[in-house]
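To start, the structure itself, in structure tokens.
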């Protein structure tokens, strides 16, 4: 089944890998990105037909404009991947600035919820059996002490939201699932102030290696597919055993 898919945080890292995988499967994709115009333009040039919209997922007006732009360009949205997320700087929780705490919760939790609301309103109005995947993190159950406890807490909220929402809309044929990546090679580590973090902590991973964005994308695309037609309310851990 071909989807019209919105991927938030879709211009780089795991989001870009999801976009590439979806495009390769023939899905129409609209990418939402926060600020990196150059990365969005590179993705558009690489993947003909992909639409990129600059949007802050924590802003309900921006979220509504994102979906309107996606549907104007591609048609009715049938699937959503809530991938946008921020961590703030690595460090002890007690030292995290209030502004960082608020931004992490705004983007990771409120942003996921606002995008979910916008998609659900449209799906319910049209009677669409939509598909949603929310990106969590293995941090949600590991806690990430000394690194970003606030981020771990935000992703635990995403997992609880995923489960509750899945049960709430299951009877409408709408499926809501999550993917919890472990340690993956992306720019998020540099943004958190420790670009060498994957190599530093690889010893924690039972499989003994760092994951690749494409491995996370494969899990997301499976959950969106008809092969996962009886799967909802699940959070798939993709962390090499972590």
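For residues in the stretch 57-95 being part of a loop (DSSP other than H, G, I, E, B) and touching a strand residue (DSSP E or B) at 6+ places or on another chain (Cβ under 9 Å), which is nearest to residue 174 (Cα to Cα)?
Going through the qualifying residues, I end up with 78.
Would you pick out the residues in the stretch 151-165 that are closer than 25 Å to residue 16 by Cα and either touching a residue at least 24 places away in the same chain (Cβ under 8 Å) or in contact with a strand residue (DSSP E or B) (Cβ under 7 Å, 6 or more places away or on another chain) (or both)?
Answer for the stretch 151-165, where residues must be closer than 25 Å to residue 16 by Cα and either touching a residue at least 24 places away in the same chain (Cβ under 8 Å) or in contact with a strand residue (DSSP E or B) (Cβ under 7 Å, 6 or more places away or on another chain) (or both): 151, 154, 155, 157, 158, 159, 161, 162.
Tell me yes or no: at least one residue of the stretch 221-236 is part of a strand (DSSP E or B), in contact with a helix residue (DSSP H, G or I) (Cβ under 6 Å, 6 or more places away or on another chain) and farther than 17 Å from residue 129 by Cα.
Yes: the stretch 221-236 contains one or more residues that are part of a strand (DSSP E or B), in contact with a helix residue (DSSP H, G or I) (Cβ under 6 Å, 6 or more places away or on another chain) and farther than 17 Å from residue 129 by Cα.
Can you tell which of 43, 105 is buried (at least 21 other Cβ atoms within 10 Å of the Cβ) and assigned to a helix (DSSP H, G or I)?
Unique residue meeting the criteria: 43.
Restricting attention to the stretch 61-72, which residues are surrounded by 15 or more Cβ atoms within 10 Å (Cβ to Cβ) and more than 17 Å from residue 37 (Cβ to Cβ)?
Across the stretch 61-72, the qualifying residues are 63, 64, 67, 70, 71.
Looking only at the stretch 130-145, count how many residues are under 14 Å from the mean Cα position of the chain (by Cα) and within 20 Å of residue 224 (Cα to Cα).
Looking only at that region, the number is 7.
So which residues in the stretch 181-193 are modelled with pLDDT under 70 and not in a helix (DSSP H, G or I), if there are any at all?
192, 193
Going through the stretch 196-220 one residue at a time, which ones are without any contact (Cβ under 8 Å) to a residue 40 or more places away in the chain, farther than 18 Å from residue 81 by Cα and part of a helix (DSSP H, G or I)?
198, 199, 200, 201, 202, 203, 204
Touching a residue at least 40 places away in the same chain (Cβ under 8 Å), surrounded by fewer than 23 Cβ atoms within 10 Å (Cβ to Cβ), in contact with a helix residue (DSSP H, G or I) (Cβ under 9 Å, 6 or more places away or on another chain) and assigned to a helix (DSSP H, G or I): does that describe residue 120?
yes
Which residues, taken from the stretch 138-178, are touching a helix residue (DSSP H, G or I) at 6+ places or on another chain (Cβ under 6 Å), within 25 Å of residue 196 (Cβ to Cβ) and not in a helix (DSSP H, G or I)?
Across the stretch 138-178, the qualifying residues are 143, 144.
The values are calculated or read from the model by the stated rules, or taken from the named source; none is laboratory data. All values reported here derive from a predicted model rather than from experimental measurement. Every residue, glycine among them, receives a Cβ derived from its backbone with ideal geometry; neighbour counts consider all protein chains shown.
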